[in-house]
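Reading through the structure tokens given below for one structure.
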Amino acid sequence: MSLNRHSAARGALVAAALAAAWIAPPAISRLMHRCPVRPDGVDQAEALPSFARKYKMSCSQCHAGYPVLNAYGRQFKMNGFVRERDGSDGVLKSQDGSLWTEAMTPWAVIVRARPIDNGHGNMSSQGAQMGGTAGPNPNGFQSQPINDVDAFIAGGDVARHISYLGELDANAPGGFTPGMGDIRLGWHPFQWMNVIMARRNFFADDPYQTIVSNETPTIANRATDLLMQGQGSISGNTMLTMQQLVGVNGQVNLRGDSFLYYAAGASKDSNTGVQGSAPTNGNIRLALDNGNGIMIGTFGSYGQERPTAAGGLGGNFLPGGVGNGTELEQFQRGGFDALWEYNGFAARGAFLYSHDYDSVYQLNDTNKAAYAELAYYYKRHGEDTPFLVPLVRENWLTTYNGTQQFNYVTAQLAHYFTPNLKGFIEYSVDTKRDYQNSTVLYQPTLAANSATLAPLGDRVSVQFEVGF
């Protein structure tokens, strides 16, 4: 018994010593206004800390506040995850130049804790509204001290002008079963042309982070994700559908600091390796950047879904709720977006038009969605890391061929304890759920089409995130 007590005490002391060795150096560095360092002397940062370790950059060099990129961070991504296209910092190379690769293993981990998560109002019937991409809370109080763990390996120098990114994800809604996330391989021969091959959504890869919710700082989704039930309800296509993608992007310099960013790609939605029956879709993106914090852009996608294809999505439900065969369901997506950054303020917004068509039953489904978002990155005097970040976002959307309208607001207040550790409280609330007219809907058996809409809902969450 005594031996067990001594063993337990010794184990506790060892654990405490390890924790202190891990936590104390970043805390001391924080007090001395430096980017936190681990006990092994390696810099830490936010989002993908491997980049900060490689270049020994300030944690705020690429981010206004994790995970939101600033102008430098967007250029870093456009370059192919390198500061300079022909730079050799952090590169292991032979004297004759035949070997060119990362000098260190560029791994990174992000852990998210959500100890408080309280939702009301039958939110489960509203798809992923106010849900986020890692597990919506349908109703009632939940506590997930560990909510999500993402492991990354990413770098811009796997070979000369070759970048890569790979993600392994495990989260509470999935029972912490590890699964492959985004996989991205890039070839970057010129500023005006990069070739991307990826298992990743085309719009999620956009450096401006304005179109969809990928890399948004909030748990709640943006309305332009098309994740609500009844948005794109014939094809089932969303703006965040995981895709097999091949594309090109680049920058064309204009007058002064301004430039045009473009991206185009062909994608298949099959995610199982069975590509034969998955239709090929087209995607395009244009963004005019003045180089001084203002961007206006446009985007679009066009294609088809096959409801019964292996790995395909599809909707096309008959009144009985059964898939309607193997005909292709057409979809069109298009819209505009904008970004404004000035002196700590950042405003984002986007408008999306979506149209689905079933050629057999001559059914049309046209909907719209939009959001407007404003954040302020407050920094105390002499510090590069934001101290407080208030954010508010208004969302508006229609569903089921414009017969239903929804509005919801998200507000968040975030605090950065260190550059790679933050916490926030977030509140989302439905402000409107209403029928637009009395048109008979083509999916009468679905709960969302009942005579009475689900009651207005709200959700409050507290979350902490750390990257190392």
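The values are calculated or read from the model by the stated rules, or taken from the named source; none is laboratory data. Just so we're clear, the structure is a prediction, and the values are computed from it rather than from any experiment. Don't worry about glycine lacking a Cβ; one is built from the backbone with ideal geometry, like all the others, and counts go over all protein chains shown.
Some observations on this one:
- Any hit, region 190-204, residues being under 14 Å from the mean Cα position of the chain (by Cα) and either surrounded by fewer than 17 Cβ atoms within 10 Å (Cβ to Cβ) or of a type in the set (Asp, Glu) (or both): no
- Flag for THR218 being under 29 Å from HIS415 (Cα atoms), at pLDDT below 95 and not in a loop (DSSP other than H, G, I, E, B): no
- Residues being in contact with a strand residue (DSSP E or B) (Cβ under 8 Å, 6 or more places away or on another chain), over 28 Å from THR238 (Cβ atoms) and of a type outside the set (Phe, Trp, Tyr) - total across region 373-416: 6
- Just so you know, in region 405-415 the residues that are at pLDDT below 95 and not aliphatic (A, V, I, L, M) include one that is nearest to GLY457 (Cα to Cα), and it is TYR408.
- Scan of region 376-397 for residues that are without any contact (Cβ under 8 Å) to a residue 40 or more places away in the chain and assigned to a strand (DSSP E or B), ordered by number: TYR376, TYR378, LEU388, PRO390, VAL392, GLU394
- Screening region 290-300 for residues that are in a strand (DSSP E or B) and free of Cβ contacts under 8 Å to residues at least 60 places away in the same chain and picking the one that is nearest to PHE345 (Cα to Cα) gives ILE294.
- Neighbours by Cβ (under 7 Å, 6+ apart or cross-chain): first from region 87-116, touching a residue at least 24 places away in the same chain (Cβ under 8 Å) and in a loop (DSSP other than H, G, I, E, B); second surrounded by 13 or more Cβ atoms within 10 Å (Cβ to Cβ) and among the hydroxyl-bearing types (Ser, Thr, Tyr): ASP89/TYR55; GLY90/TYR55; PRO106/SER50
- Remark: ALA370 falls outside the filter, which requires a residue to be farther than 30 Å from GLY236 by Cα, crowded, with 16+ Cβ neighbours inside 10 Å, in contact with a Phe, Trp or Tyr (Cβ under 7 Å, 6 or more places away or on another chain) and modelled with pLDDT of 95 or more.
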